[in-house]
Amino acid sequence: MRMTAGLYQAFFGNSEIKERVIISPILYPKRLVPGIAEERTLLNYTIGTAHDSTFIKCAIGPSHIGDLTLMLKKTPCRKAILLGTIGSLKKQLKIGKVFLASSAVDGEGFSSWLIKEKLRYAYKPSPALLKKAKEKLPLALSGSILTVGSLLAEGSKHIKGFDGLDMESSAFFAAAERSGIDAVGIYVISDQPS
C-alpha cells in the first residue's frame with residue numbers, strides 16, 4: 001500500500017511518531033503519562049508523544065490495531081508494545097495479575113466462528129523484547145492467548161488449550177512481523193470468561 005499524506009494524516013494527525021510506540025485499546029496517553037498533550041486523529045486514534053515514546057489509544061478489535069501497526073512501518077517506529085487486558089481461561093491465572101504473551105493464535109475471523117470454527121496461525125512476540133519484559137516484570141505470568149473478533153465467541157469449543165483470550169494480540173503480532181517491527185504484549189488479567 002502506498003502511503004499518501006492524507007492516509008498518514010488520518011492515522012497519525014500531526015503527531016511525531018518515535019522509535020518506540022506504546023499502543024493500548026484501553027488506556028489513553030494521559031493515563032500513561034499525566035500532562036501529555038493528546039491529539040485525536042481522523043480515524044479516532046488518540047496520540048501523545050513524551051520523551052522517547054509515542055503513546056496511542058486505539059479502538060478495541062483486531063482490525064484497528066492491525067491497521068495501525070501496519071501503518072507504523074512508514075514511521076520511525078521499530079519497537080511496539082501492546083498494553084492490554086486478557087480474560088483468563090485458567091483458574092490459576094487470577095484477576096489483577098500481569099501476563100506476557102508467548103504466542104497469540106489467530107481466532108479473530110468473525111465469520112469463521114459462525115461457520116467453520118477453525119483456528120489459524122500462532123504469532124509470536126519479538127524474543128528479545130519478551131526476554132526484556134520478563135526481566136523487568138519477574139512476577140509476570142506468561143502463556144498463549146487466543147485472539148477472537150467477537151465477544152460472543154467466548155463460548156466456542158475451540159477456546160480450550162489457551163491461557164487467555166483477547167481481541168487484539170494476533171493482529172498486532174502479525175502486523176508487526178510484516179512491518180519489521182519488534183513487538184511485545186503486556187496485559188493485566190481483567191476477568192475469567194465463562
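The values are calculated or read from the model by the stated rules, or taken from the named source; none is laboratory data. Values in this document were obtained by computation on a predicted structure and should not be read as measured data. Note: ideal-geometry Cβ built from the backbone for every residue, glycine included; neighbour counts use all protein chains shown. With ligands, DNA and RNA removed, areas are computed over all heavy atoms of the protein, side chains included. Shrake-Rupley method; radii C 1.70, N 1.55, O 1.52, S 1.80 Å.
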Please list the non-local residues whose amide H lies under 5 Å from the amide H of T85, H modeled 1.01 Å from N, same-chain partners needing a gap of 5 or more.
V188
Quick calc, I26 & H51: beta-carbon distance into FRET formula, R0 22 Å, rounding 0.05, result 0.55
Going highest first, how would you order 27-37, 95-105 by mean Cβ packing within 10 Å?
95-105, 27-37
Under 20 Å from a point 7 Å along the Cα-to-Cβ line of K134: which residues of segment 56-83 have their amide N that close?
80-83
Normalised contact order of segment 2-65, rounded percent, pairs of Cα under 8 Å and 6 or more residues apart
36 percent
Listed residue (Y121, Q92, L137) projecting farthest to the positive dipole end of segment 11-150, Cβ model
Q92
Under a 1.4 angstrom probe, counting protein chains only, how are I186, I47 ranked by accessible area, largest first?
I186, I47
Going down the list K74/K132; K18/K90; K74/K160; K18/K160; K18/K91; K30/K132, which pairs span over 32 Å between their C-alpha atoms?
K18/K90; K74/K160; K18/K160; K18/K91
Based only on Cα atoms, what mean projected area does the convex hull of the chain have, in nm²?
10.9 nm²
Between beta-carbons, use under 12 Å as the cut-off and find the net charge around F99, counting Lys and Arg +1, Asp and Glu -1.
+2
Please give the charge dipole size of segment 1-103, origin at the Cα centre, charges +1 on K and R Cβ atoms and -1 on D and E Cβ atoms. Round to the nearest 20 debye.
480 debye
Once you place label points 7 Å from the Cα toward the Cβ at E38 and Y121, how far apart are they in nm?
3.4 nm
For labels at R78 and K90 in the simple 7 Å Cα→Cβ model, what's the distance in nm?
3.5 nm
Roughly how much of Y45 is accessible, in Å² to the nearest 10, using a 1.4 Å probe?
10 Å²
For segment 161-178, Karplus couplings with θ = phi - 60° (6.51, -1.76, 1.60), whole Hz, Gly/Pro x:
x, 10, 8, x, 9, 8, 10, 9, 4, 5, 5, 4, 5, 5, 5, 5, 4, 5
Let me know the charge dipole size of the chain about its Cα centre in debye, to the nearest 20, where only the beta-carbon of Lys, Arg (+1) and Asp, Glu (-1) is charged.
400 debye
Return the percentage of antiparallel bridges among DSSP beta bridges fully within the chain, rounded to the nearest 5 %.
35 percent
Under 13 Å, Cβ to Cβ, from R31 - net charge with Lys/Arg +1 and Asp/Glu -1
+1
Where does the chain land at 222 nm, in deg cm²/dmol rounded to the nearest 500, when only DSSP H runs of n ≥ 4 count, each adding -39500 (n - 2.57), divided by all residues?
-6500 deg cm²/dmol
For the chain, find the longest principal axis of its Cα atoms and tell me its angle to the long axis of helix 62-71, 0 to 90°, nearest 10.
40 degrees
Lys and Arg at +1, Asp and Glu at -1: add these up for the other residues within a Cβ distance under 15 Å of I65 and post the number.
-3
With all protein chains present and a 1.4 Å probe, how do K131, K160 order by accessible area, largest first?
K160, K131
